[in-house]
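All remarks here apply to the structure that follows.
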Amino acid sequence: MPFLDRPDGRIRYEVHGAGFPVLLFAPGGLRSRLEMWPSPPGGPARPWVDWTRALPEAGFAAIAMDQRNAGESRTEIRADHGWHSYAADHLALMDHLGFQRFHVLGGCIGGSFCLKAIEAAPDRVVSAVLQNPIGRHPEHPEYFPDSHAEWSREQRAARPELDEAALAGFGRAMWDHDFVFSVPREFVRTCPVPTMLLPGTDIPHPAATSTELAALLPGVDVLAEWRGPQHLDRQRGRVVDFLRRMTP
């Protein structure tokens with residue numbers, strides 16, 4: 001099990017296949033970890049493609065990871081951490097693996113990670129696929145702050161030494177924002193890389209957020225019908241075709 005050493009901890013990752021790299025950000029909110037891509041043994045099928053398998057089959061290298069303080073990754077949690085902390089991990093991982101340029105593909109919270117990665121390194125991210133992106137639901141603005149409080153209780157139960165004030169400050173840095181949380185609308189409107197959008201439809205992944213992303217992102221490729229077993233082949237084909245067209 002490979003790990004990337006970071007100044008405040010370590011990040012678990014896996015590399016599948018060979019070819020032009022695609023950095024994957026799994027669904028799961030702050031619990032985003034690489035096991036979220038495949039369907040669980042004996043459990044319900046995922047409504048999304050397992051990109052850790054599909055991308056290597058299509059000739060790409062798929063880099064999956066446990067985000068900081070999810071799965072097997074452990075780092076500090078400080079009040080001044082936030083979206084920039086995740087982006088620093090992502091760029092450090094690609095540096096570690098020797099990949100100067102790469103695609104990003106993110107489900108759920110991964111959509112916001114994708115946009116932050118573009119903002120942080122627009123010269124390195126070649127294209128982005130936003131699958132089921134999160135956002136502030138206009139009728140349920142408390143969803144992510146409440147989810148953060150639950151996650152914080154889990155973290156404190158596992159690591160009693162963590163500081164409650166730091167956890168709360170980290171939560172404000174993550175969720176006291178509008179839209180997709182990680183970047184403002186002004187950045188999305190001028191996004192410098194090609195994007196593909198697989199829209200969301202529920203409370204954590206609001207239809208309103210995806211509708212706005214579709215309107216703001218320049219030239220975005222939208223795949224409206226993508227969710228569920230009946231759409232997996234089309235989902236796989238359209239995303240792979242997009243990534244192939246955008247690969248230098």
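The values are calculated or read from the model by the stated rules, or taken from the named source; none is laboratory data. Just so it is clear, the model here is predicted, and its values are computed rather than measured. Please note: Cβ atoms are built from the backbone with ideal geometry, for glycine as well, and neighbour counts cover all protein chains shown. The protein model used for the area step is the full one, side chains on, heavy atoms only, and it has no ligands, DNA or RNA in it. Shrake-Rupley method; radii C 1.70, N 1.55, O 1.52, S 1.80 Å.
Taking V49 as the residue in question, decide whether it is in a strand (DSSP E or B) and touching a helix residue (DSSP H, G or I) at 6+ places or on another chain (Cβ under 9 Å). So V49 fails the test.
Here the stretch 197-248 is the region considered, the condition is being free of Cβ contacts under 8 Å to residues at least 24 places away in the same chain and closer than 27 Å to E186 by Cα, and the residue that is surrounded by the most Cβ atoms within 10 Å (Cβ to Cβ) is A214.
Just one residue in the set T201, T211, T195, T190 is in contact with a strand residue (DSSP E or B) (Cβ under 6 Å, 6 or more places away or on another chain) and of a type in the set (S, T, Y); that residue is T195.
Of all residues in the stretch 135-169, those satisfying the criterion of being out of contact with any helix residue (DSSP H, G or I) (no Cβ under 8 Å at 6 or more places or on another chain), open to solvent by less than 70 Å² (accessible area, probe 1.4 Å) and not in a helix (DSSP H, G or I) are H140, P141, R159. None of G43, G29 is over 16 Å from the mean Cα position of the chain (by Cα) and either over 25 Å from I118 (Cβ atoms) or open to solvent by less than 70 Å² (accessible area, probe 1.4 Å) (or both) except G43. Checking the stretch 85-103 against the condition returns a match, with at least one residue being open to solvent by less than 10 Å² (accessible area, probe 1.4 Å), more than 27 Å from A158 (Cα to Cα) and aromatic (F, W, Y). Total residues in the stretch 7-26 satisfying the condition of being surrounded by fewer than 19 Cβ atoms within 10 Å (Cβ to Cβ) and either among the basic types (K, R) or not in a loop (DSSP other than H, G, I, E, B) (or both): the figure is 5.
Scan the stretch 46-70 for residues that are among the charged types (D, E, K, R) and open to solvent by less than 10 Å² (accessible area, probe 1.4 Å) and the total you get is 1.
Looking across the stretch 185-214, the residues that are touching a Lys or Arg at 6+ places or on another chain (Cβ under 8 Å) and among the polar types (S, T, N, Q) come down to T201, T209.
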